[in-house]
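What follows draws every value from the coordinates through simple rules; no lab data is involved. Treat the numbers as computed from the prediction; the structure is a model and nothing was measured. All Cβ positions, glycine included, derive from the backbone under ideal geometry; neighbour counts span all protein chains shown.
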Amino acid sequence: MKRILITGAAGFLGSHLCDRFIKEGYYVIGMDNLITGRMSNLEHLMKLSNFEFYHHDVSKFIHIPGDLDFILHFASPASPIDYLKIPIQTLKVGSLGIHNCLGLAKAKKARVLIASTSEVYGDPSVHPQPESYWGNVNPVGPRGVYDEAKRFQEAMTMAYHTYHGVETRIVRIFNTYGPRMRLNDGRVLPAFIGQALRGEDLTVFGDGSQTRSFCYVDDLVEGIYRLLHSDYTDPVNIGNPSEISISQFAEEIISLTGTDQKVIYKDLPVDDPKQRKPDITLAQKVLNWKPRISRKEGLEITYSYFKTLTKEELYQKDHMNFDKYIKL
């Protein structure tokens, strides 16, 4: 049985990856320090004989006994609310964390796939964004702690590949959504749905003309699975090129939820990207991958999930406890 380590396993994406690799017959080792992850995302796996969980911070030395075939490094705060609250921890998981994962991979002769992001493109001057575009990132802006952590992570991964011969894969993830997202994590989709469910007006930052391209989580996981088992070592965009403005998206959410809230406008945050749309030509060519779930279908599934939340969860502004990490 193949053994795989998934860091950030209790998070939104990490938990879905655990599900997929369990389904494929792998022995899955989940690892998370639970700053932003939730054990409730993994409860259904804890009783399985081919799953185990380590409560551990990947920024510290990682020890996994026995053989290891694959490592997926998905540990990282992934929304502005998170990485603006714990900027140093965000930088450490993308630097010390990837260094530890790559060192473990070298020792175990395991293949590593790292979760990079469309944020490496910054506020892009090229649209849509191909992997060949080097980006337009402000390293000293408030979002720089996340953007540069991911860019460094890519550089470190390629260095281990070229210098040590470690087998590596890099996925650049565009906006992804689905069940298990934290309702109050600050990202636009859960923010809109949460506001609709609470009967609040939907908040659009800027004039709403900025665009995003939303990919349903099952499509993303399929792309990651194919990339891990491919022979391709350079970065690959995985996302849905169906682009929509934030204003239009707000109207879609109002229609989906059957509510009659207004849309209100506030100032655009610093360095917020004006456009996001993946060029997935490479993924189609080397992975034979493209998204299959429409935004309408994916939003209906996601909305059904959020409707199951308790009233306490619905009104909780921040259920993550960052206090002990703030000074790191």
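The figures follow:
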quantity: Extension gain (nm, one decimal) between Ile88 and Ser255, 0.36 nm per residue minus Cα-Cα; calculated: 56.2 nm
quantity: The chain, dipole about Cα centre (Lys/Arg Cβ +1, Asp/Glu Cβ -1), debye to the nearest 20; calculated: 640
quantity: Furthest towards positive pole of dipole, Ser242, Met1, Phe70, structure part the chain, Cβ charges; calculated: Met1
quantity: Two-site FRET efficiency, Lys262 against Asn288, from Cβ-Cβ distance with R₀ of 51 Å, rounded to 0.05; calculated: 0.70
quantity: Ranked packing of 196-208, 68-80, 99-111, most packed first, by mean Cβ within 10 Å; calculated: 68-80, 99-111, 196-208
quantity: Mean residue ellipticity (222 nm) of the chain, computed from DSSP H runs ≥ 4 via -39,500 (n - 2.57), nearest 500; calculated: -11000 deg cm²/dmol
quantity: Acute angle (nearest 10 degrees) that the helix 246-257 long axis makes with the longest principal axis of the chain, alpha-carbon atoms; calculated: 80
quantity: Karplus-derived 3J(HN,Hα), 6.51/-1.76/1.60, for each residue of the range 153-160, Hz, glycine and proline x; calculated: 4, 4, 5, 5, 5, 5, 5, 5
quantity: Size of electric dipole in the range 104-222: Cβ of Lys, Arg +1 and of Asp, Glu -1, about Cα centre, debye, nearest 20; calculated: 620
quantity: Positive-end residue, the chain charge dipole about Cα centroid, Cβ charges, pick of Leu282, Pro269, Phe21; calculated: Phe21
quantity: Extension gain (nm, one decimal) between Glu313 and Asp207, 0.36 nm per residue minus Cα-Cα; calculated: 35.2 nm
quantity: Relative packing of 251-261, 27-37, which averages over residues the other C-beta atoms within 10 Å, highest first; calculated: 27-37, 251-261
quantity: Unit charges at the beta carbon, dipole of the chain: most positive-side option, Val217, Phe152, Ile98; calculated: Ile98
quantity: The range 236-274 and the range 41-101: distance between their alpha carbon centers, rounded to Å; calculated: 30
quantity: Calculated Rg/Rh (Cα atoms, Kirkwood Rh) (choose from (1) 1.00; (2) 0.94; (3) 1.03), label; calculated: (2)
quantity: Karplus-derived HN-Hα couplings along the range 296-308 (A = 6.51, B = -1.76, C = 1.60, θ = phi - 60°), whole Hz, x at Gly and Pro; calculated: 4, 5, x, 5, 5, 5, 5, 4, 4, 5, 5, 5, 7
quantity: Note, ³J(HN,Hα) from phi for the range 99-111, Karplus 6.51, -1.76, 1.60, rounded to Hz, x at Gly and Pro; calculated: 4, 5, 5, 5, x, 5, 4, 5, 5, 8, 6, 9, 8
quantity: Gained length - His127 relative to Tyr163, 0.36 nm times residue gap less alpha-carbon distance; calculated: 9.7 nm
